[in-house]
1. Looking at Ser199 and the list (1) closer than 19 Å to Glu150 by Cβ; (2) touching a Phe, Trp or Tyr at 6+ places or on another chain (Cβ under 7 Å); (3) assigned to a loop (DSSP other than H, G, I, E, B), which single condition is not satisfied?
2. How many of the residues making up the stretch 136-193 are outside any helix (DSSP H, G or I), under 16 Å from Gln111 (Cβ atoms) and within 12 Å of the ligand (Cβ to nearest atom)?
3. The conditions are (1) open to solvent by less than 60 Å² (accessible area, probe 1.4 Å); (2) modelled with pLDDT of 95 or more; (3) in a helix (DSSP H, G or I), and Glu214 fails exactly one of them. Which is it?
4. Report the residue count in the stretch 118-150 for those that are closer than 19 Å to Ile314 by Cα, of a type outside the set (A, V, I, L, M) and in contact with a Gly (Cβ under 9 Å, 6 or more places away or on another chain).
5. Could you tell me which of the residues Ala67, Ala32, Ala26 is in contact with a helix residue (DSSP H, G or I) (Cβ under 7 Å, 6 or more places away or on another chain) and either open to solvent by 10 Å² or more (accessible area, probe 1.4 Å) or closer than 25 Å to Ser199 by Cα (or both)?
6. Any idea which of (1) closer than 24 Å to Glu302 by Cβ; (2) in contact with a strand residue (DSSP E or B) (Cβ under 7 Å, 6 or more places away or on another chain); (3) open to solvent by 40 Å² or more (accessible area, probe 1.4 Å) is the one Asn79 doesn't satisfy?
7. Can you name every residue in the stretch 35-58 that is open to solvent by 50 Å² or more (accessible area, probe 1.4 Å) and either in a loop (DSSP other than H, G, I, E, B) or over 26 Å from Glu313 (Cβ atoms) (or both)?
8. Against the condition modelled with pLDDT of 95 or more and crowded, with 21+ Cβ neighbours inside 10 Å, how does Leu271 come out, does it pass?
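The values are calculated or read from the model by the stated rules, or taken from the named source; none is laboratory data. Please read all numbers here as calculations on a predicted model, not as lab measurements. In this analysis, Cβ positions are derived from the backbone assuming ideal geometry, glycine residues included, and neighbour counts consider all displayed protein chains. When the accessible area is computed, the model is the full protein with side chains, heavy atoms only, and any ligands, DNA or RNA have been set aside. Shrake-Rupley method; radii C 1.70, N 1.55, O 1.52, S 1.80 Å.
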Amino acid sequence: MENRKKRIFSGIQPSGDLTLGSYLGAIKNWSAMQEEFECVYCIVDLHAITVRQDPEVLKRRTIEQLAQYIACGLDPEKNILFIQSHVPEHAELSWILGCYTQFGELSRMTQFKQKSQQHADNITAGLFTYPVLMAADILLYNTDCVPVGEDQKQHVELCRDIAVRFNGIYGDVFRIPEPFIPKMGARVMGLKNPLNKMSKSEPEGCVFLLDPPEVIAKKFKRAVTDSDMEIRFDPENKPGVSNLLSIYCAITGKTPQEAEAEFAGQGYGTLKTAVGECVVNKLTPIREETEKLLADRAHLEEIYRMGAKRAREIASETLKTVHEKLGFAAR
Ligand code: TRP
């Protein structure tokens, strides 16, 4: 096996504006990995259209997401940053892998069950085969490790099953990837409903990366806590307070115990203000850098074209091997 850095692949859908959850749960960890690993980070627009998107909004979010990846510290030279639809190998391999995936397996996916309830009037084949496209994303790049949130673990496991099955028939074609679920900040909960993941579908409890400081401060001031008065990290019994503490810890690098000690004897108001401030301090330079990047479209276009070119070099090799193994006539 060739001697290379381990490869990481991950992606985020441009179906909503990036949130504090996407930053702390994903992008912040990605930028910490760029030295040690060879990283491929994708803006998964093909996945986004599994539910209906407004074309203008989709386009804006795709570009904004790229700018935000960079503003969060992902270096477009060190990492491969690209837009999924620019690399047609994803859709091609997805078709092929779909022929090695069982209907029953896809029917069991938790996210499919949830989303088909949410979009009951538009349960498309694309929504159903979403995990197959995700498997194609991962397998095209001989990925070793896939950093994802807990909610995507089942999809990575399905990807492994598909890869193992394919390899079982055709020999060692795909590298079998491992999911990687970061501990701290992996699950940022909503500020209004700390029992649910922070989500754009509950915008009042959701902090967006591009929110202005006063909006962020207000959202934290209105964060739901509980009726006793103790600042203690206890996600089970005190989800709201614990969520505030874990956001604080994810940003400052402190442990929950250190944070508890720091806030001991103080009121919830103080905690909310302090966490709000530290989030504002973290996000302000990111927002400013994003705005700067967005002002130079041509530069961003150059970055995503370069990313797609580099991605395609890897993806087309993998797809070529797959075609050979399947017995497709050489092109
Ligand atoms: N399904 C992932 C999500 O919604 C996004 C995604 C698509 C992804 N392809 C991927 C994540 C490949 C990791 C690897 O969060």
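1. Every listed condition holds for Ser199 apart from (2).
2. 5
3. All conditions pass for Glu214, except number (1).
4. 1
5. Just a single option satisfies the conditions, and that option is Ala67.
6. (3)
7. Those that are open to solvent by 50 Å² or more (accessible area, probe 1.4 Å) and either in a loop (DSSP other than H, G, I, E, B) or over 26 Å from Glu313 (Cβ atoms) (or both): Glu35, Glu36, Ile49, Arg52, Asp54, Pro55, Glu56.
8. On the way: modelled with pLDDT of 95 or more: yes; crowded, with 21+ Cβ neighbours inside 10 Å: yes.
When the stated conditions are applied, Leu271 passes them.
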